[in-house]
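Dumping the structure here so I can ask a few things about it.
Derivation of every value follows stated rules applied to the coordinates shown; laboratory data play no part. None of these values were measured; they are calculated from a predicted model. Here the Cβ positions follow ideal geometry from the backbone for every residue, glycine too, while neighbour counts run over all protein chains shown.
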Amino acid sequence: MNSTDAEPGAPAVATQRNESTTTTPVALNVLGLHKVYESRGRRVEAIRDLTFTVDRGQLVCVVGPSGAGKTTLLRCIAGLLDPTAGEIILDGTRVAGPPRGMAVVFQEYGRSLFPWMTVRQNVERPLIEKGMKREQRRETVVAALAAVGLSDSSDAHPWQLSGGMQQRVAIARAVAYEPSVLVMDEPFAAVDAQTRAELEDLVRSLWLRLGVTVLFVTHDIDEAVYLGERVLVLSNRPTVILEDVRIDLPAERDQLRTRSAPRFGELRGHVYALIQQAKEGHRPLQERDGE
């Protein structure tokens with residue numbers, strides 16, 4: 001299965017080029033992130049110390065065992081949850097609330113779309129809030145829907161579409177917003193295997209064409225290796241980074257050839273072994289030395 005292309009003759013979605021955000025090669029900087037939940041005398045240390053960067057234009061995946069703090073990390077990055085310590089820097093500015101330069105695609109696409117709005121209206125809504133002029137909004141929405149293969153569904157309502165098509169609407173909405181960083185929270189967990197493969201190829205196709213920075217959170221090891229340039233493997237709670245795995249596969253990937261390549265198998269096996277170590281409580285050497 002090859003990467004998904006835009007519809008023939010469709011207008012191209014404009015590549016995000018915000019002049020105020022292109023002065024540094026680092027799009028996202030997570031520095032010493034620490035999160036503790038406290039309630040009624042109970043203290044749970046969810047994240048102990050996370051530090052990593054995502055360079056502009058990179059596609060980085062995050063995996064870890066269940067309960068590893070992936071959702072907590074994402075909520076902190078998206079400005080939806082205050083960290084206990086540390087900070088998150090987006091385009092040189094500290095995140096202290098939902099940042100304007102970020103778009104998030106959630107796993108539960110049914111809850112993120114407005115059922116009373118058409119597909120076009122759903123994609124257009126953030127652009128209105130962004131203050132984009134009417135004609136520019138129209139052109140941007142047309143281009144975004146064409147990029148995800150939904151030009152003929154612009155007047156439909158989300159409840160009239162399949163799950164995979166609804167998630168395409170969510171992706172179109174995020175792309176149309178032209179974010180500096182696109183955060184995706186297990187976006188394909190609720191769709192069938194064939195649709196999932198198509199959506200994976202769609203994300204890589206859009207990423208290659210638009211140059212947007214992507215942080216992709218998933219529990220699927222194969223998906224992380226197939227999609228990413230890097231895979232951040234998280235430890236068990238309290239969370240630290242177990243390893244930052246470089247994915248040295250070709251930029252052009254194919255569901256059949258890439259996944260059957262010996263190097264893909266080696267990388268998948270390595271990440272799988274790290275996840276098993278995380279489940280057994282393995283900690284990075286530097287953390288053990290500091291204890």
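Round to the nearest 0.05 the FRET efficiency obtained for Lys279 and Thr93 when R0 = 30 Å and r is the Cβ-Cβ distance. Could you put the intermediate results ahead of the total?
Working: r = 36 Å, r/R0 = 1.22.
Step by step, r from the Cβ atoms, then E = 0.25.
At a Förster distance of 30 Å, what's the computed FRET efficiency of Arg138 paired with Arg100, Cβ-Cβ distance as r, to 0.05? Let's see the in-between values first.
Working: r = 21 Å, r/R0 = 0.72.
About 0.90, to the nearest 0.05.
Provide, in order from the shortest bin, the percent of all Cα-Cα pairs of the chain in each 10 Å bin, continuing until the bin that contains the maximum pair distance.
6, 28, 35, 23, 7, 1, 0
While we're on this one: Can you count the Lys pairs in the chain whose Cα atoms are under 29 Å apart, with each pair 8 or more apart or on different chains? Could the numbers behind the result be given before it?
Values: Lys35/Lys70; Lys35/Lys279; Lys70/Lys130; Lys70/Lys279.
Final tally of qualifying lysine pairs is 4.
Determine, for Met165, Met117, Met102, the number of other Cβ atoms within 10 Å of each Cβ, and report the residues in order from fewest to most.
Values: Met165 19, Met117 14, Met102 23.
Starting with the residue having the fewest Cβ neighbours, the order is Met117, Met165, Met102.
Thr84 to Tyr272: FRET efficiency via 1/(1 + (r/R0)^6), r the Cβ-Cβ distance, R0 22 Å, to the nearest 0.05? Write out the running numbers ahead of the final one.
Working: r = 31 Å, r/R0 = 1.42.
FRET efficiency, Thr84 to Tyr272: 0.10.
Rg(Cα) of region 102-219 divided by 2.2 N^0.38 Å?
On the way: Rg = 13.1 Å, N = 118, 2.2 N^0.38 = 13.5 Å.
Taking the Cα Rg and dividing by 2.2 N^0.38 Å, one obtains 0.97.
Considering amide H positions built from the backbone, and no H for Pro or chain starts, which residues 5 or more places from Ala261, or on another chain, come under 5 Å of its amide H?
Close amide H contacts, sequence-distant or interchain: none at all.
Shifting gears a bit: Can you give the helix-only mean residue ellipticity at 222 nm for the chain, where every DSSP H stretch with n ≥ 4 adds -39500 (n - 2.57) and the sum goes over all residues, rounded to the nearest 500 deg cm²/dmol?
Details: 10 runs with 105 residues, N = 291.
-11000 deg cm²/dmol, from helical runs alone.
Less than 17 Å from a label point 7 Å out along the Cα-to-Cβ axis of Ala193: which backbone N atoms in region 258-280 qualify, by residue?
Counting backbone N atoms under 17 Å from the label point, the list is 258-261.
What distance in nm lies between label points placed 7 Å from Cα along the C-beta direction at Met117 and Tyr37?
According to this spin-label approximation, the distance is 3.0 nm.
Taking 0.36 nm per residue of sequence separation and subtracting the Cα-Cα distance, how much length would be gained by fully extending the chain between Arg263 and Glu243, in nm to one decimal?
Working: separation 20, 0.36 × 20 = 7.20 nm, distance 1.81 nm.
Difference between extended and current length: 5.4 nm.
What does the highest-first list of 143-149, 276-282 look like by mean Cβ count within 10 Å? Walk me through the numbers before you get to the answer.
On the way: 143-149: 24.0, 276-282: 14.0.
Ranked from most to least packed, the peptides come out as 143-149, 276-282.
Going highest first, how would you order 155-161, 170-176 by mean Cβ packing within 10 Å? Display every interim value, and only then the final one.
Working: 155-161: 14.7, 170-176: 25.9.
Highest-to-lowest ranking by the protection proxy: 170-176, 155-161.
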